[in-house]
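Chemist: First the structure, which I've put down as structure tokens, then a few questions once you've had a look.
The numbers here are math on the coordinates, done by the rules we state, and not lab data. The structure presented is a predicted model; accordingly, all values stated were derived computationally and were not measured. Counting neighbours? That spans all protein chains shown, and the Cβs are built from the backbone with ideal geometry, glycine included.
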Amino acid sequence: MKSLEKLGEFGFINEVRKWTRSGQKGLIGIGDDSAVLPAGGNNLICFTTDTVVENVHFTSQTPARKVGWKAMAVNISDIAAMGGEPKYAVMSLTIPKRITFSYLKELYRGILGCGRRFNVALVGGDTVKGREFSVTLSLIGFVKKRELMLRSGARVEDDIFVTGSLGGSILGKHLTFIPRIPESRFLASRFRPSAMIDVSDGLIQDLEHILEESHAGAEIWLDKIPVSTEARRKSKGLREAALASACRDGEDFELLFTISPRLSKKLEKTWAAQFRTRLTKIGKVIKGRKKLKYADHDLFVKEPTWLRKKGFTHF
Ligand code: ADP
Ligand code: MG
């Protein structure tokens with residue numbers, strides 16, 4: 001019998017993927033940021049769920065409103081990763097005895113505040129008693145067939161881009177981040193990147209998800225990676241530590257995508273006129289399944305030892 005510990009989070013998900021494969025005809029199921037279902041004509045539904053649990057994703061000290069915002073925002077981010085427009089949510093609450101009404105009221109202010117900003121309506125849910133406080137949201141969103149972006153479309157020679165800056169989100173951004181819906185919709189409708197994911201588990205690990213699904217490798221330019229001020233602060237100014245943080249820390253919820261090099265210049269120009277969100281080219285797609293090549297100031301380096309530790313997994 002396989003052990004959960006040996007399989008790890010992604011090994012386990014792969015097992016589930018095998019168990020469910022036969023039931024998934026005509027739609028995209030496990031393996032992307034959201035499931036994709038037919039919705040008639042050229043329309044598709046994106047369907048996703050994410051849970052936040054006390055002492056894993058937040059603590060008892062975290063303001064309830066921020067917990068609520070995060071619970072909604074992480075789900076919206078998975079719809080953004082597909083190029084979709086989020087629309088409806090249901091939520092399930094597991095509530096231990098010590099949680100108060102006023103805490104829950106604040107939690108809903110966070111959830112509904114984030115929902116309002118992105119036009120997501122909360123339309124149902126479930127309430128149960130339990131030992132750990134957790135909030136699960138499930139969202140559906142819509143996307144046109146030709147605007148859908150999967151993890152699987154990256155092609156050799158494509159450029160690799162990431163939005164925002166990375167690392168150190170534990171210092172606060174993981175609770176207050178703004179899902180990249182307008183950026184994603186802009187990309188989907190105007191530039192149609194070949195592959196996209198939201199960075200939830202760490203830049204390198206999420207890039208590996210794209211590479212795995214696209215059967216390709218990547219060359220990463222370490223000196224180009226947008227290191228956040230939080231990553232720097234967390235690393236007390238040590239360059240390698242800050243870069244490692246940008247490459248590996250989870251919960252940045254930025255968009256990581258690949259796009260044909262023919263479109264890159266125009267994208268960078270139009271982007272700058274449209275958004276204040278940073279956009280950085282960090283590398284190229286190369287041949288070789290999941291092969292990763294690192295470069296620093298144009299000098300190819302072996303995988304730096306400080307990068308070897310993986311991004312976040314749940315077990
Ligand atoms: P993300 O970080 O984008 O939310 P995950 O790493 O949580 O994605 O999940 C990867 C894929 O595996 C998704 O397609 C998700 O729907 C699927 N998945 C994760 N956990 C389960 C599970 N317990 N049962 C079925 N599918 C799952
Ligand atoms: Mg995701």
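Chemist: Before anything else, pin down the relative contact order of the chain: Cα pairs under 8 Å, at least 6 apart, normalised by residue count, whole percent. Present the calculation step by step, with values, prior to reporting the outcome.
Modeler: Working: 687 pairs, mean separation 66.0, N = 315.
Answer for the chain is 21 percent.
Chemist: Another question about this same structure. For a quick protection proxy, order the peptides 268-274, 283-289, 192-198 by their average other-Cβ count within 10 Å, most packed first.
Modeler: Details: 268-274: 12.4, 283-289: 16.6, 192-198: 24.0.
My ranking of the peptides, most packed first, is 192-198, 283-289, 268-274.
Chemist: Separate question: What number does the stretch 159-276 give for Rg over Rh if you use C-alpha atoms and the Kirkwood radius?
Modeler: Details: Rg = 14.1 Å, Rh = 14.7 Å.
Ratio value, two decimals: 0.96.
Chemist: How would you order 170-180, 131-141, 70-80 from highest to lowest mean count of nearby Cβ atoms within 10 Å?
Modeler: On the way: 170-180: 18.7, 131-141: 20.4, 70-80: 27.5.
Descending mean neighbour count gives 70-80, 131-141, 170-180.
Chemist: Here is a follow-up. Cross-link list Lys173/Lys291; Lys145/Lys290; Lys2/Lys70; Lys144/Lys287; Lys70/Lys105; Lys70/Lys293: which exceed 23 angstrom alpha carbon to alpha carbon? If you can, show how the numbers build up before the last one.
Modeler: On the way: Lys173/Lys291 30 Å; Lys145/Lys290 27 Å; Lys2/Lys70 33 Å; Lys144/Lys287 30 Å; Lys70/Lys105 15 Å; Lys70/Lys293 34 Å.
Long pairs (Cα-Cα over 23 Å): Lys173/Lys291; Lys145/Lys290; Lys2/Lys70; Lys144/Lys287; Lys70/Lys293.
Chemist: What does the net charge come to around Glu230 if you take all other residues with beta carbon closer than 11 Å to its beta carbon, with K and R at +1 and D and E at -1?
Modeler: Working: positive: Lys173, Arg232, Arg233, Lys234; negative: Asp249, Asp252.
Computed value for this residue: +2.
Chemist: Here's another thing I want to ask about it. Between Leu4 and Arg98, what FRET efficiency comes out of the Förster formula 1/(1 + (r/R0)^6) with R0 = 22 Å and r the beta carbon distance, rounded to 0.05?
Modeler: With a Förster radius of 22 Å, E is 0.15.
Chemist: What is the sum of charges, Lys and Arg at +1 and Asp and Glu at -1, for the other residues whose Cβ falls under 14 Å from the Cβ of Lys266?
Modeler: Numbers: positive: Arg190, Arg192, Arg262, Lys265, Lys269, Lys281; negative: Asp159, Glu268.
With Lys, Arg at +1 and Asp, Glu at -1, the net is +4.
Chemist: Right, here's the next one. With everything on Cα atoms, drop me the angle between helix 261-274 and the longest principal axis of the chain, reported from 0 to 90° to the nearest 10.
Modeler: Long axis of 261-274 versus the principal axis of the chain: about 50 degrees.
Chemist: Here's something else I'd like to know. How much net charge surrounds Ile286 when only other residues with a Cβ under 13 Å from its Cβ are counted (Lys, Arg +1; Asp, Glu -1)?
Modeler: Details: positive: Arg155, Lys284, Lys287, Arg289, Lys290, Lys291, Lys293; negative: Glu157, Asp158, Asp159, Glu219.
Residues near Ile286 contribute +3 overall.
Chemist: For the pair Arg109 and Val56, what calculated FRET efficiency results from E = 1/(1 + (r/R0)^6), where r is the Cβ-Cβ distance and R0 = 22 Å, to the nearest 0.05?
Modeler: Numbers: r = 22 Å, r/R0 = 1.01.
After rounding, the FRET efficiency stands at 0.50.
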